[in-house]
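Engineer: Here's a structure for you.
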Amino acid sequence: MNLTIRPKLELLKKELIEKIIEEAYIILEKQGVYVENIEALELFKEAGIRVDDETQRVFITSQLVEDSLSSTPSVIKLYDRSGDKEFIVGEDEVHFDPGSTAVTIIDHKTQEQRKALTEDLVKFTRLTDCLDHLHFQSTGIISSDVPEIISDSYRLYICLQFSEKPIVTGTFRVEGFKPMKDMLVAVRGSEKALEERPLAIFDACPSPALKWSNLTTQSLIDCARAGIPSELISMGMTGATSPVTIAGTLVQHVAENLCGLVICQLAKKGAPVIFGGSPSSFDMRKGTTPMGAIETMMIDSAYAQIAKHLNLPTHAYMGLSDAKINDSQAGLETGIGAVLAALSGINVISGPGMMDFESCQSLEKLVIDNEICGMAYRLIEGISQREDPIATNLFDGFTKETQFLSMPHTRKWYRQEHIFPRVIDRDTYDYWVSLGKKSMDDRASEEAEKILRENSPSLLDKNIFQELHKIMLSDARNNSFSALPEIKIGSSPKELIGS
Amino acid sequence: MLKGRSMNRKMRKEKLKKEKNTKERIVEKEKNRNKLNSKGENVSKEELLTKMKKSIIEGNKDEAKALAREAVEKHVDLNEAIDEGYVPGIQKVGDLWEEGEYFLPELITSAECMKAAMGVLKPELKKAQIKAKSLGKVVIGTVEGDIHDIGKSLVSSMLSANGFEVIDLGADVKLEKFIEMAEAEDADFICLSALLTTTMLGQKKFIELLKEKNLFGRFKIMVGGAPVNQKWADDISADGYAENAMTAVKEAKNLLRK
């Protein structure tokens, strides 16, 4: 008999979940949602839904929502670049990936934020590829050395070249979808193969309150048809762009995401959808959106619980911080978030490495957060009975001199029962002094450098990369840009691509 | 920690109480003075102005509107009503914000009251062919590709509440549209908001566009939004940057002096 329980956090009573869903249904039907996309409006009309063409408002019936829910898969299988390794996105499986789309990076030497370059994105991608507790990659940073217009496809291009892991990404323009999909298809070999083994998740954010923009709606439709999972990122801000109460924001969150889910199912029945989000508590003093606020995490955990009630895969932006440097705020907000997210059984948790209201990435923080994620994984693994009896046999012949260090039992289990951090400090004071009194941030910086130095990049097959390069170059040229930055792939300056 | 906080609260409460007492005393005094005033007209005007101020501070929209109508009916000098009734109200709101007493919900509610009162007074001023006082004309909007409205609307409300004439173009505004409108309206300021890290680049493009059109320097350009900071504003050669709606008002006033 398995006596292990997976520790779990549930913030909502079943009756409250049902009440929230009920109100979301009412809003969808009575208030409707703005959908600023002609194709989607046509899809709604075909489904017999009332559409106000002038205001681009659709009034979605509960029946359509129910139908759409029943055709949405409850589990998605995602595959790494090779197509061999499978990841279950659904049930209570937990996968961490770095927080995405930062525009700046912390420069460890100056401790200042600066714009990121291709070189930073490569380092970030390679580092993520090596960090064990980050199961997925994310197109985490925008490179400022390519024009903004192609920055969506460019980050995916870099990511695919330098990492094996499945990717969380998204478009910044309607036209961005095609080159991005073409790259994914190139890696898989065919459209059908990509559909069968999805490699990337595309984020799509509705705009609070109750609005789906042209860009994000198009992304939903395009992804649904290509079999690419869409991650619905509703992001109300309590009291500013959504109701001030947590329960009120949840109602809006559910309504917005369900509208997205319906669009996906109308575009293609059975399309994979992840119920995600990036809502936040809105700071009424500063006018900011703290991702590290406990209320933000409560909203996240609660909508995930609602999504599970609806039998959907889940996502959240958790395990990140609003701190500007790697200080204790960075650690505590990330730590609390990652642990709560894991306890909530959220399938895709985007956050590690990220700071300053989702705007900045840090390689050092990524290394630190990887350890936090490791702790979170250990926690949800729970406590198991490894052997029967549990321990009485270990006390056979017990004397005052008995110790456990040399027991075969210890040797057998200590690595399964305990995890060993690399940058968290567990040294004695004197030893820590002898090592130069280094801070966590400094140790993490050294660790990042070490990882990048000692691991060769997991590069894409050369021929496939040439295809990717062609797609990228053509996208760049279509946007009147031809000089893609040179990418250094190894330590030798001769190993350049894209020159 | 807790003790410190409750102490602070207590002190603040007492401070407020004191202020209230002083306020009450002043009101008493005014009342007495007005009682001595033989002209009933002045009494009611002073009272009206005080009520106007109060309606803004308390965020009572219906009251603010009703008082504006009353001022029109009683033929009170409307510019005086604005300058000595409503404006001191919004200034007090600004002070309360600075002191940490008021938060955004109070701020925005008061700004909306101001707008409601102005909605009554401005057409009347126009009818009487009196020019409404304006600190300057502002064209404001969120740049294209970005449909986030909230921050921009806050700035828009606060600028308008503080005496600027504001033309709010809304969200997802084409860069050319800002210029067209600013030229047509002969605006003093163009304010560009961006909430997304991806769309803030539109602010930079906008300034390049102005330069292309040889219009750089004609308008004062202010930028804002969650990912925007002073450095970014400097980098793209914007004239001003504001972190929040209150500093936007200050910054705009500062730029007027330049």
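Values in this text are rule-based calculations from the coordinates and carry no lab data. Predicted model, so just to flag it, every value in this text is computed and none were measured. In this analysis, Cβ positions are derived from the backbone assuming ideal geometry, glycine residues included, and neighbour counts consider all displayed protein chains.
Engineer: What number goes with the only condition from (1) of a type in the set (A, V, I, L, M, F, W, C); (2) within 13 Å of chain A (Cβ to nearest Cβ); (3) in contact with a helix residue (DSSP H, G or I) (Cβ under 7 Å, 6 or more places away or on another chain) that residue B:232 does not pass?
Structural biologist: Against the list (1) of a type in the set (A, V, I, L, M, F, W, C); (2) within 13 Å of chain A (Cβ to nearest Cβ); (3) in contact with a helix residue (DSSP H, G or I) (Cβ under 7 Å, 6 or more places away or on another chain), residue B:232 comes up short only on (3).
Engineer: A follow-up question, please. Which of the residues that make up the range A:1-50 are under 19 Å from residue A:245 (Cα atoms) and part of a loop (DSSP other than H, G, I, E, B)?
Structural biologist: Answer for the range A:1-50, where residues must be under 19 Å from residue A:245 (Cα atoms) and part of a loop (DSSP other than H, G, I, E, B): A:10, A:11, A:12, A:13.
Residues checked against (1) under 14 Å from the mean Cα position of the chain (by Cα); (2) under 18 Å from residue A:94 (Cα atoms); (3) within 14 Å of another protein chain (Cβ to nearest Cβ):
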{"position": "A:309", "(1), (2), (3)": "no, yes, no"}
{"position": "A:314", "(1), (2), (3)": "yes, yes, no"}
{"position": "A:319", "(1), (2), (3)": "yes, yes, no"}
{"position": "A:322", "(1), (2), (3)": "no, no, yes"}
{"position": "A:339", "(1), (2), (3)": "no, yes, no"}
{"position": "A:353", "(1), (2), (3)": "yes, yes, no"}
{"position": "A:360", "(1), (2), (3)": "no, no, yes"}
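Engineer: Take the residues in the range A:260-294 that are assigned to a loop (DSSP other than H, G, I, E, B) and β-branched (Val, Ile, Thr), then tell me which one is surrounded by the fewest Cβ atoms within 10 Å (Cβ to Cβ). Even if it seems obvious, please write down each step before you answer.
Structural biologist: Start the filter on the range A:260-294 by keeping residues that are assigned to a loop (DSSP other than H, G, I, E, B), which leaves A:268-272, A:278-279, A:281-293.
Cutting the leftovers down to β-branched (Val, Ile, Thr) gives us A:288-289.
Working: A:288: 20, A:289: 24.
Top of the filtered list is A:288.
Engineer: Any idea which of (1) closer than 29 Å to residue B:190 by Cβ; (2) in a helix (DSSP H, G or I) is the one residue B:102 doesn't satisfy?
Structural biologist: (2)
Engineer: Restrict the check to the range A:82-93 and report whether at least one residue is over 24 Å from residue A:270 (Cα atoms) and either within 29 Å of the chain's Cα centre (by Cα) or not in a strand (DSSP E or B) (or both). Let's see the steps before the verdict.
Structural biologist: At the first step, the residues of the range A:82-93 found to be over 24 Å from residue A:270 (Cα atoms) are A:82.
If we keep only those that are either within 29 Å of the chain's Cα centre (by Cα) or not in a strand (DSSP E or B) (or both) as well, we get A:82.
Checking the range A:82-93: at least one residue is over 24 Å from residue A:270 (Cα atoms) and either within 29 Å of the chain's Cα centre (by Cα) or not in a strand (DSSP E or B) (or both).
So that you can scan it fast, the table gives a plain yes or no per residue for (1) among the hydroxyl-bearing types (Ser, Thr, Tyr); (2) within 14 Å of chain B (Cβ to nearest Cβ); (3) in contact (Cβ under 8 Å) with a residue 60 or more places away in the chain:
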| residue | (1), (2), (3) |
| --- | --- |
| A:165 | no, no, yes |
| A:169 | yes, yes, yes |
| A:173 | no, yes, no |
| A:177 | no, no, no |
| A:192 | no, no, no |
| A:195 | no, no, no |
| A:202 | no, no, no |
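Here's the yes/no breakdown for (1) within 14 Å of chain A (Cβ to nearest Cβ); (2) over 18 Å from residue A:207 (Cβ atoms); (3) aliphatic (A, V, I, L, M):
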residue	(1), (2), (3)
B:177	no, yes, no
B:186	no, yes, no
B:189	no, yes, no
B:199	yes, no, no
B:223	no, yes, yes
B:226	yes, no, yes
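Engineer: Still on this structure, I have one more. State all residues of the range B:97-130 that are among the small types (Gly, Ala, Ser), surrounded by fewer than 17 Cβ atoms within 10 Å (Cβ to Cβ) and within 14 Å of another protein chain (Cβ to nearest Cβ); if no residue qualifies, say none.
Structural biologist: Taking the range B:97-130 and keeping what is among the small types (Gly, Ala, Ser), we get B:100, B:110-111, B:116-117, B:119, B:128.
When the remaining residues are screened for being surrounded by fewer than 17 Cβ atoms within 10 Å (Cβ to Cβ), the result is B:100, B:119, B:128.
Residue satisfying the conditions is B:100 alone.
Engineer: Checking residue A:297 against (1) touching a residue at least 40 places away in the same chain (Cβ under 8 Å); (2) not polar (S, T, N, Q); (3) not in a helix (DSSP H, G or I), only one condition comes out false. Which one?
Structural biologist: Of the numbered conditions (1) touching a residue at least 40 places away in the same chain (Cβ under 8 Å); (2) not polar (S, T, N, Q); (3) not in a helix (DSSP H, G or I), the odd one out for residue A:297 is (3).
Engineer: Could you list, in sequence order, all residues of the range B:190-214 that are closer than 26 Å to residue A:355 by Cα, of a type outside the set (A, V, I, L, M) and in a helix (DSSP H, G or I)? Break it down into steps so the answer makes sense when it comes.
Structural biologist: To start, the set of residues in the range B:190-214 that are closer than 26 Å to residue A:355 by Cα comprises B:192-204.
Add one more test, that the residue is of a type outside the set (A, V, I, L, M), and what stays is B:193, B:197-199, B:202-204.
Scanning the range B:190-214 gives B:202, B:203, B:204.
Engineer: Out of the residues in the range A:1-17 that are charged (D, E, K, R) and in contact (Cβ under 8 Å) with a residue 60 or more places away in the chain, which is surrounded by the most Cβ atoms within 10 Å (Cβ to Cβ)? Spell out how you get there, then give the answer.
Structural biologist: Let us first name the residues in the range A:1-17 that are charged (D, E, K, R), namely A:6, A:8, A:10, A:13-15.
Filter once more, keeping what is in contact (Cβ under 8 Å) with a residue 60 or more places away in the chain: A:6, A:8, A:10, A:14.
Numbers: A:6: 12, A:8: 13, A:10: 15, A:14: 10.
The extreme case among them is A:10.
Engineer: Can I ask one more? Identify all residues within the range A:94-113 that are of a type in the set (D, E, K, R), more than 18 Å from residue A:273 (Cβ to Cβ) and part of a strand (DSSP E or B); write none if there are none.
Structural biologist: Of the residues in the range A:94-113, the ones of a type in the set (D, E, K, R) are A:97, A:107, A:109, A:112.
Subsequent filtering for residues that are more than 18 Å from residue A:273 (Cβ to Cβ) retains A:107, A:109, A:112.
A:107, A:112, listed by residue number.
Engineer: Still on this structure: Name the one entry in B:170, B:217, B:145 that is more than 10 Å from chain A (Cβ to nearest Cβ), within 24 Å of residue A:216 (Cβ to Cβ) and either without any contact (Cβ under 8 Å) to a residue 24 or more places away in the chain or assigned to a loop (DSSP other than H, G, I, E, B) (or both).
Structural biologist: Values: B:217 fails: within 24 Å of residue A:216 (Cβ to Cβ); B:145 fails: more than 10 Å from chain A (Cβ to nearest Cβ).
Being more than 10 Å from chain A (Cβ to nearest Cβ), within 24 Å of residue A:216 (Cβ to Cβ) and either without any contact (Cβ under 8 Å) to a residue 24 or more places away in the chain or assigned to a loop (DSSP other than H, G, I, E, B) (or both) holds for just one of B:170, B:217, B:145, which is B:170.
Engineer: Can you pull out every residue in the range A:127-149 that is surrounded by 24 or more Cβ atoms within 10 Å (Cβ to Cβ), part of a helix (DSSP H, G or I) and over 15 Å from the mean Cα position of the chain (by Cα)?
Structural biologist: Once the filter is applied, which keeps residues that are surrounded by 24 or more Cβ atoms within 10 Å (Cβ to Cβ), part of a helix (DSSP H, G or I) and over 15 Å from the mean Cα position of the chain (by Cα), the range A:127-149 yields only A:127.
Engineer: Using the structure shown, decide if residue B:155 is hydrophobic (A, V, I, L, M, F, W, C), within 13 Å of chain A (Cβ to nearest Cβ) and either touching a Phe, Trp or Tyr at 6+ places or on another chain (Cβ under 7 Å) or surrounded by fewer than 20 Cβ atoms within 10 Å (Cβ to Cβ) (or both). Please lay out each step first, then the result.
Structural biologist: Numbers: hydrophobic (A, V, I, L, M, F, W, C): yes; within 13 Å of chain A (Cβ to nearest Cβ): yes; either touching a Phe, Trp or Tyr at 6+ places or on another chain (Cβ under 7 Å) or surrounded by fewer than 20 Cβ atoms within 10 Å (Cβ to Cβ) (or both): no.
No; evaluated as a whole, the condition is false for this residue.
Engineer: Look through the range A:253-295, keep the residues that are more than 14 Å from every other protein chain (Cβ to nearest Cβ) and polar (S, T, N, Q), and return whichever of them is nearest to residue A:17 (Cα to Cα).
Structural biologist: For the range A:253-295, the residue satisfying everything is A:257.
Engineer: Could you check the range A:97-115 and list, in sequence order, the residues that are within 20 Å of residue A:131 (Cα to Cα), more than 10 Å from every other protein chain (Cβ to nearest Cβ) and of a type outside the set (D, E, K, R)?
Structural biologist: Within the range A:97-115, A:98, A:99, A:100, A:105, A:106, A:108 meet the criteria.
Engineer: If you don't mind, there's one more thing I want to ask. So which residues in the range A:210-232 are of a type in the set (A, V, I, L, M, F, W, C), buried (at least 24 other Cβ atoms within 10 Å of the Cβ) and within 14 Å of chain B (Cβ to nearest Cβ), if there are any at all?
Structural biologist: A:212 - this is the single residue of the range A:210-232 that is of a type in the set (A, V, I, L, M, F, W, C), buried (at least 24 other Cβ atoms within 10 Å of the Cβ) and within 14 Å of chain B (Cβ to nearest Cβ).
Engineer: Continuing with this model, one more query. Being more than 16 Å from the chain's Cα centre (by Cα) and of a type in the set (A, V, I, L, M) is the filter; apply it to the range A:368-380 and report the residue that is farthest from residue A:8 (Cα to Cα).
Structural biologist: Filtering first and then ranking leaves A:368.
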